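Here is the structure we will look at, set down as structure tokens.
The values are calculated or read from the model by the stated rules, or taken from the named source; none is laboratory data. These figures come from a predicted structure and were not determined experimentally. Cβ atoms come from the backbone with ideal geometry, glycine included; neighbour counts cover every protein chain shown. Side chains included, ligands, DNA and RNA excluded: accessible areas come from the protein's heavy atoms. Shrake-Rupley method; radii C 1.70, N 1.55, O 1.52, S 1.80 Å.
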Protein chains: 4
Amino acid sequence: MLKGFSVPMTPNGLASMVPTPPWHYVGTNMAVEFIADADKIAKYLPDGLEPSGGRCTAFFCDWQTASGEIPEAYLNPQMSQYKEAAIMMECTYKGNKAAFCPFIYVDNDGAAMRGQVYGYPKQLANIYITRTFGIKSKAAPEVAKGGKFAGYAAMDCGRIMDMQIELEEPTDQIAYPHFANVIGLRQFPNLRKADGYKPEILDLVVGAGGSGSAADMWIGKGKLNIYAQSQPELEDFMPLEVGRAFYQLDEHTLTDMKVLEDLR
Amino acid sequence: MLKGFSVPMTPNGLASMVPTPPWHYVGTNMAVEFIADADKIAKYLPDGLEPSGGRCTAFFCDWQTASGEIPEAYLNPQMSQYKEAAIMMECTYKGNKAAFCPFIYVDNDGAAMRGQVYGYPKQLANIYITRTFGIKSKAAPEVAKGGKFAGYAAMDCGRIMDMQIELEEPTDQIAYPHFANVIGLRQFPNLRKADGYKPEILDLVVGAGGSGSAADMWIGKGKLNIYAQSQPELEDFMPLEVGRAFYQLDEHTLTDMKVLEDLR
Amino acid sequence: MLKGFSVPMTPNGLASMVPTPPWHYVGTNMAVEFIADADKIAKYLPDGLEPSGGRCTAFFCDWQTASGEIPEAYLNPQMSQYKEAAIMMECTYKGNKAAFCPFIYVDNDGAAMRGQVYGYPKQLANIYITRTFGIKSKAAPEVAKGGKFAGYAAMDCGRIMDMQIELEEPTDQIAYPHFANVIGLRQFPNLRKADGYKPEILDLVVGAGGSGSAADMWIGKGKLNIYAQSQPELEDFMPLEVGRAFYQLDEHTLTDMKVLEDLR
Amino acid sequence: MLKGFSVPMTPNGLASMVPTPPWHYVGTNMAVEFIADADKIAKYLPDGLEPSGGRCTAFFCDWQTASGEIPEAYLNPQMSQYKEAAIMMECTYKGNKAAFCPFIYVDNDGAAMRGQVYGYPKQLANIYITRTFGIKSKAAPEVAKGGKFAGYAAMDCGRIMDMQIELEEPTDQIAYPHFANVIGLRQFPNLRKADGYKPEILDLVVGAGGSGSAADMWIGKGKLNIYAQSQPELEDFMPLEVGRAFYQLDEHTLTDMKVLEDLR
């Protein structure tokens, strides 16, 4: 009897790339709100989600994870750490505000698979994010007025996006749209020719049973560039206008998911 | 209407990590046959496959790919090239000889997803493989008697396996067990707690409609080490005895897959 | 007139891999003291340094840097961040206690060159280090009694070393031996056959004019493994006994260096 | 007595990143000739070299190496393989035609150090190059009329350059300017403030005592892009006009170097 939340499945289930939930996350998040061309991006929504304009947010996140099954997974940092770059777009689902993620990148294959399982189209990329440290130094920004942070992401020798933010004041707000109310598109491909290679799984999904908190929340101003260099179609999300920037520490736990609709 | 064989699905389907089949492959393959502990490895077979002893083969492959959809994909070498390290074990399916792949590693995320789609539990690793070149040099082995080639694979800071082969004479044989008659275990995880996190998809699958050819086929002797350093449970495949070694050029096309059994 | 502290030298000096000093560093340091075979390691000291026993320290450091020339270099995190694994051994120089670094690894080529310039034999490796975050989470240790941190380093598909520490109580001590009183061996190779390929530069060097401070200093217990897998001769530093463990935040500035002796 | 052509120097000299010469190389080379702005690039020549116009060549090379000291180094492919992207510009030295290399990138730290030793300003980058295989496949170009090959290089999340060539006919020519008559600028930085941080070593150097041969030499047409994304000052080499393209197999041995002038 093979065991494992994901492949590889093995007699004891210890080789699984992704551990069984709950999944615990902690990390820093940078976000810059922007406006993209509403008509161009509307076409990126799956059936069931309705366009509601051109508002988007770009994120850079620097994560460490653990799970119920491997509580001290942070002692395997090569498995439990990853960096992330993502774009979220506003939309509605049955009349309610929601967010959808058309493009997202991580630098760890377990994190990529975990994302695919709950509806994020994660690909691998090289990602770099400025850090702060708890000691004053010319080599790091402080989480304080004037503190500056940057993020860079590239895939297959091509820049995908870069961001720079400058903190202005503490806030209790978060960027909009946001991961917080995302609806995912879970997909698993199908190699059967007789099916026309149509996906084996194609569902709208939403997280359930999660919890979390934030700290060190700041608002400020930002710069954002999105590139058409190596990611086909990403150019449709070029920022027409760049808005507010946000920084925060975030911790949350993810334990469950619901399928909203089967789109096949 | 979103398009794409895999995620990310986009309006024009150009961003998909994996192109629509047919998938064309060309590359060099090194193989070393070995005997593992038959009792230990029997437990790695999914339901439906029966153990038939301790014969295994370790492979290192150096691939370049294209597809019907992207015929000159080799002009994006960052997407179309990958290296692979794999272990195949003998088994039977309904009384017929077959092979099963408990562990396999690649260095490209598109290749990893493609493998997962047809039943290979591909994880990312760093992989290095000796090359030959079509000009005589002290810096490369020749595909000739005495030619030596090596492969190394590591994941998460730990060595997984290494191999060295020395060519002895041309052959028309291939290693046994082999990719050629593999039955895959296709799996897609399930984050729904109510299902006990049991896989959404768990199938025995087999390739269909493929074709291919080989060249420069040599047989010889080999060395093989498998490590228990960073891959849990891999230690069950430690070689008790090492057998014949093989080298070849291989090209093949994969177009279709059949589901043999739904194991859920 | 070409400019640049290092190559590439260019008309404006902006392409240099390493900026002109002062160099500012900030980061976290983990250390585990150990005893190696005093006879074996004595042979790793260059002329001018005298052996004083088998005491060594292994370090994992997680750095971010800036410089006088590029004060906000942390906004290019891909250049300014690096992780480091190192071994320091005790010795004496003209009767005074000192430390020497026989093996050190980083994951950034600018950091490697910078080290070579002041006497560290830096090679590239994959390095992973547990992080703490300023928010309570199951996904990260706290800098507090019982907090556990780990580090892993691998080069060329082979594990070099790994470490795990558990914090016990605040301290004002640091590990011994330590970077703080290191004497470096600055070397630049020589491709001229007529010189017998003897180094062009071979000096004992010592930092000068530096300054720094530490915070969050903790002492505890540790585990340490050193591997003979891919780094020739590293096996001479296998720990016979493992001692105290340390954790701290560190910031320092390096501005100058002295040549103590020309060893050619 | 410490041994080693380069650091780390050890009792047996086995840990050196770079082995003692002779150095043997084998690999494939792609080249595209181009014209850059002669005035802009003239400023990239060190003292002693004279500008002679705007002719440049961009190269992508896919190498495997061995040495007299480690004859079967190709059995450590992780050390002995590397890919390279380079720009060469025409110049003269004492009235004779020569070439100078202002920017060059490799994906292996030993190769980077080896280059720095003989006057190439090598930095690390991610580099990908199309391969051919000795078996007919839709997944690879042939070395024949119509065969297409591509190369991509990126550093620190930014594209540096990309190239595509199409073979037209066999040739006995090579690109101009070329590695074949390069004069290098050997530099080693100096951290001593009292010296104003002026380089410790700054020499014009030239290879000596080498030998080599080529095969599968083809000429054709090419495309070339150079980017100003992550390499400061590289924009001065933007192609104004793109010329002939070349492909070849190359093997050569390097054993010695002469210092032409000390530029300090």
Exercise for the section: With the condition kept exactly as written, say whether any residue in the stretch B:92-106 is among the hydroxyl-bearing types (Ser, Thr, Tyr) and open to solvent by 20 Å² or more (accessible area, probe 1.4 Å). Expected result: yes
Problem - Of residues in the stretch A:165-179 being open to solvent by 10 Å² or more (accessible area, probe 1.4 Å) and in contact (Cβ under 8 Å) with a residue 60 or more places away in the chain, the one nearest to residue A:225 (Cα to Cα) - result: A:166
Practice task
Return yes when residue A:238 is touching a residue at least 60 places away in the same chain (Cβ under 8 Å), under 19 Å from the mean Cα position of the chain (by Cα) and farther than 22 Å from residue A:119 by Cα and no when it is not.
Solution key: yes
Practice task
Could you tell me whether residue D:75 is hydrophobic (A, V, I, L, M, F, W, C), within 19 Å of residue D:182 (Cα to Cα) and over 14 Å from the mean Cα position of the chain (by Cα)?
Solution key: no
Practice task
Could you grab the pairs with beta carbons closer than 9 Å, sequence gap of 6+ or different chains, first residue in the stretch B:96-110 and free of Cβ contacts under 8 Å to residues at least 12 places away in the same chain, second one surrounded by fewer than 21 Cβ atoms within 10 Å (Cβ to Cβ)?
Solution key: B:96/B:181
Exercise for the section: With the condition kept exactly as written, say whether any residue in the stretch D:165-178 is within 14 Å of the chain's Cα centre (by Cα), at pLDDT 95 or above and facing another protein chain (nearest Cβ under 7 Å). Expected result: no
Fill in the blank from the handout: Taking the stretch A:217-264 and the residues there that are small (Gly, Ala, Ser) and buried (at least 16 other Cβ atoms within 10 Å of the Cβ), the one that is farthest from the other protein chains (Cβ to nearest Cβ) would be A:243
Handout entry: Positions within the stretch D:84-113 being in a strand (DSSP E or B) and among the acidic types (Asp, Glu), in sequence order
Key = D:84, D:90
Problem - Selection status of residue D:197, within 18 Å of the chain's Cα centre (by Cα), surrounded by fewer than 23 Cβ atoms within 10 Å (Cβ to Cβ) and not in a strand (DSSP E or B) - result: no
Fill in the blank from the handout: Per the filter on the stretch B:114-129, residues within 26 Å of residue C:154 (Cα to Cα) and either in a loop (DSSP other than H, G, I, E, B) or not charged (D, E, K, R) (or both) are B:121, B:123, B:124, B:125, B:126, B:127, B:128, B:129
Handout entry: Filter result for residue D:146 (surrounded by fewer than 23 Cβ atoms within 10 Å (Cβ to Cβ), within 13 Å of chain B (Cβ to nearest Cβ), closer than 30 Å to residue B:61 by Cα and touching a residue at least 12 places away in the same chain (Cβ under 8 Å))
Key = yes
Practice task
Take the stretch A:135-192 and flag every residue that is part of a loop (DSSP other than H, G, I, E, B) and within 19 Å of residue C:26 (Cβ to Cβ).
Solution key: A:135, A:136, A:137, A:138, A:139, A:140, A:141, A:142, A:143, A:144, A:146, A:147
Exercise for the section: Give the stretch C:244-259 a look and list any residue that's over 16 Å from residue D:193 (Cβ atoms) and in contact with an Asp or Glu (Cβ under 9 Å, 6 or more places away or on another chain), or say none. Expected result: C:244, C:245, C:246, C:247, C:248, C:249
Problem - Within the stretch C:7-22, considering residues that are assigned to a loop (DSSP other than H, G, I, E, B) and among the hydroxyl-bearing types (Ser, Thr, Tyr), the one farthest from the other protein chains (Cβ to nearest Cβ) - result: C:16
Practice task
Residues being in contact (Cβ under 8 Å) with a residue 12 or more places away in the chain and open to solvent by 20 Å² or more (accessible area, probe 1.4 Å): count how many of those fall in the stretch C:56-89.
Solution key: 6
Problem - Which numbered condition residue B:202 fails, given (1) open to solvent by 10 Å² or more (accessible area, probe 1.4 Å); (2) assigned to a loop (DSSP other than H, G, I, E, B) - result: (2)
Completion exercise
When the stretch B:220-264 is checked residue by residue, the ones that are under 30 Å from residue B:68 (Cβ atoms) and of a type in the set (Ser, Thr, Tyr) are B:247, B:253, B:255
Problem - Hits in the stretch A:11-53 (condition: touching a Gly at 6+ places or on another chain (Cβ under 6 Å), free of Cβ contacts under 8 Å to residues at least 60 places away in the same chain and at negative phi) - result: A:16, A:38
Handout entry: Candidate set from the stretch A:23-55 (those that are open to solvent by 10 Å² or more (accessible area, probe 1.4 Å), of a type outside the set (A, V, I, L, M, F, W, C) and within 9 Å of chain B (Cβ to nearest Cβ)); member that is farthest from residue B:231 (Cα to Cα)
Key = A:40
Handout entry: The lone exception for residue B:123 - which of (1) open to solvent by 20 Å² or more (accessible area, probe 1.4 Å); (2) within 11 Å of chain A (Cβ to nearest Cβ); (3) touching a helix residue (DSSP H, G or I) at 6+ places or on another chain (Cβ under 8 Å) it fails
Key = (1)
